[in-house]
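Student: The structure's right below; bear with me while I get my questions together.
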Amino acid sequence: MKKWILIGACAVVVIIVVIVVLGLSNLGPIIKNAVNTYGPRITKTEVRVGDVDISILSAEAKLKDFFLGNPKGFKSPQAMKVGSIYADVNEKSLTGDTIIIEKIEVVRPHITYERAGRADNFQAILNNVKGSARKSAPSKKEPTKPEKEGEGKKLVINNFILRQGKVNLAVSTALGGKTITADLPDIHLKDIGKEKGGATPEEVFEKVFAELHKQITSPAVTDMLNKELKARGTNLDALSGGAGKQLEAIKAGDKEGAGSVTEKVKGLFGK
């Protein structure tokens, strides 16, 4: 009798393991499809992830080759590229209305910061995200429409970590083609969406991009970028204004004046 009980118990364990493995194996395509489908709708830019690996033992997801494109009006091919993003998803929450993500960790992102006039590419993306968040918010005048199955999921992110980031400034090749780079301060956001019992994907994007833009434009970054630009006869404000067009004219071979590009740049700004 005990032998059959033992065999039955083992069979139950095997069935549970199979269910868990099958569930986790399906999680990868679900995450990839969600990023590639909803990301562009929220940011109004190209967003894609190359592949998603799921660890059966730890129930962690690894998103490979994340790409964030630039909004219209900016010349750089991308705003951000990340080799790997790690996500620890509470698999038990997947069947509920609120998905709980224990941790998202973005490691060594390569960020391209571009300024055009008074705007910059990450401010433009943030504005797009805010617009998407407003559209997704339920109207008080209109009754809430019944949601389709699989839609309307809310998110709670206990920890969002971005570390070891690099900010690469998009500048004219008239400055010699040298890469202007600064370290990005690490970011750690906690309990996103927790206070209200879950946030929409648009609200999560807005929270993350607001903090990301804050750090990109912080003195820790801009002072370092300006330090390198100063050695080349210009600064961030000059590059983002009308002087930027004059720099492009120099690049195209402006024949007025003489001397090196650096001397011409200094002349533009009265230095």
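Student: With the requirement that a residue be touching a helix residue (DSSP H, G or I) at 6+ places or on another chain (Cβ under 6 Å) and either at pLDDT below 90 or within 12 Å of residue 169 (Cβ to Cβ) (or both), what does the stretch 205-221 give you?
Tutor: 216
Student: I'm checking my understanding of the structure. Among residues of the stretch 34-58 that are at pLDDT 85 or above, polar (S, T, N, Q) and surrounded by fewer than 16 Cβ atoms within 10 Å (Cβ to Cβ), which one is nearest to residue 82 (Cα to Cα)?
Tutor: Checking each candidate, the answer is 36.
Student: Go through the stretch 64-81 and give me each residue that's loosely packed, with under 14 Cβ neighbours inside 10 Å and assigned to a loop (DSSP other than H, G, I, E, B).
Tutor: The initial filter retains those residues of the stretch 64-81 that are loosely packed, with under 14 Cβ neighbours inside 10 Å, namely 65, 72-73, 75, 77.
Across the stretch 64-81, the qualifying residues are 72, 73, 75, 77.
Student: Could you figure out which of (1) at pLDDT below 75; (2) among the small types (Gly, Ala, Ser); (3) outside any helix (DSSP H, G or I) isn't true of residue 84?
Tutor: Of everything listed in (1) at pLDDT below 75; (2) among the small types (Gly, Ala, Ser); (3) outside any helix (DSSP H, G or I), residue 84 misses just condition (1).
Student: Give the number of residues within the stretch 224-236 that are at negative phi and either modelled with pLDDT of 95 or more or in a loop (DSSP other than H, G, I, E, B) (or both).
Tutor: If we filter the stretch 224-236 for residues that are at negative phi, which is where we start, we get 224-232, 234-236.
Okay, now just the ones that are also either modelled with pLDDT of 95 or more or in a loop (DSSP other than H, G, I, E, B) (or both), so 231-232, 234-235.
Here the count works out to 4.
The values are calculated or read from the model by the stated rules, or taken from the named source; none is laboratory data. All of these numbers come straight from a predicted model, not from anything done at the bench. Positions of Cβ are backbone-derived with ideal geometry, glycine not excepted, and every protein chain shown enters the neighbour counts.
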